[in-house]
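The values are calculated or read from the model by the stated rules, or taken from the named source; none is laboratory data. As the structure is a prediction and not an experimental result, all values here were calculated from the model. With ideal geometry, Cβ positions are generated from the backbone for all residues, glycine too; neighbour counts draw on all protein chains shown. Note: areas computed on protein heavy atoms with side chains; ligands, DNA, RNA excluded. Shrake-Rupley method; radii C 1.70, N 1.55, O 1.52, S 1.80 Å.
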Amino acid sequence: QMQLQESGPGLVKPSETLSLTCTVSGGSITSGYYYWAWIRQAPGKGLEFIGSVSQNGVTSYIASRKNRVTLSVDRSKNQFSLSLSSVTAADTAVYYCARQGGVAAIYYYYYYMDVWGKGTTVTVS
Amino acid sequence: QSALTQPRSVSGSPGQSVTIPCTGSSSDIGSYDYVSWYQQHPREAPKLIIIEVTKRPSGVPDRFSGSKSGDTASLTISGLQPEDEADYYCCSYVGSYFTDVVFGGGTTLTVL
C-alpha cells in the first residue's frame, strides 16, 4: 500500500524559501500514469491546490503562484519536492503531498488525489 | 481560477440524507465530468470519496453518491452516521492545463 510522507522545516522566516520533500513508499514514483501534487490548507481554511509534477519533471502550477513555486522530482530517491520562495505569513499552512490520478480521454486528465500524506505544518514567522 | 462555491455548513440527523452542492462555471464543472469529492476529519488528511462525478473508489460506502446538473455538482450522503461528521470538499478540473484543479471552499457536516 503506497504511503506518502512530507518532511521539512516547520518554521520559516519571512522572505525566505520554504522547502518540503515528499517521500513515496510502497510503490514507485515512476509507475503508472500519475502526477505528484502539493496541496495546502491555511489554519481554519479550505484546501488549495499548489501544483504538480510528473515522473519526468513536467510541472504545472497555479498561475497566481507560478513565479514563487518550483516543483521537482528525484526518481532515484522516490521523492518529489516543493520550493516556495519569498514566503509571508499568508503561506502558513499544513502542506500535503498527494498522488494525482486521472482518466484517459482526448488527453489524459489528472484531476483527483487518491493517496495523501499526513501533512506537515509550516509556520512563517 | 476562482474556488468552487459550497455552503459553509449543512446538518442532518442520523439516518437522514443530506446533499452538499458545489457550484462552478461553464469553464469547469459545466464542461467536464472530472469532479472529485473529499472527506476530511479534524486533524486528518483528506480522503477521496468520489471521482468522475459519480464513481466511488474501492472501500467507500455506497451511502455516498455524486451527481451533476449544469455547473453544479452535488454530494449526497444517505443514512447519515455519526462518523460522517466531517468537512467535505469538491474539486474540479479547470480546463487550463491537464493537471489544474480547483477546490471548493468546503462544507462542514454536522450530524445532530
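Brief remarks follow.
- The modelled label-to-label distance for the pair A:R75/A:A104, using points 7 Å beyond Cα in the direction of Cβ, is 2.0 nm.
- Cα-based reach from B:K47 at 30 Å (exclusive), listing lysines while leaving out same-chain residues under 8 positions away: A:K45, A:K66, A:K77, A:K118, B:K55, B:K68
- Backbone geometry of the stretch B:53-67 corresponds, through the Karplus equation with coefficients 6.51, -1.76 and 1.60 at θ = phi - 60°, to 3J(HN,Hα) couplings of 6, 10, 8, 9, x, 4, x, 7, x, 6, 5, 9, 9, x, 8 Hz, x marking Gly and Pro.
- Across the protein assembly as shown: Cys residues that no other cysteine approaches within a C-beta distance under 4.7 Å: B:C91
- Note on the protein assembly as shown: Cα convex hull, mean projected area over all directions, 12.2 nm².
- Net charge dipole size for chain A [Lys, Arg +1 and Asp, Glu -1 on Cβ; Debye, nearest 20]: 100
- Solvent accessible area, Å² - A:K13, 1.4 Å probe, full protein context: 120
- FRET E, pair B:S69, A:K13, Förster distance 41 Å, beta-carbon r, rounded to 0.05: 0.30
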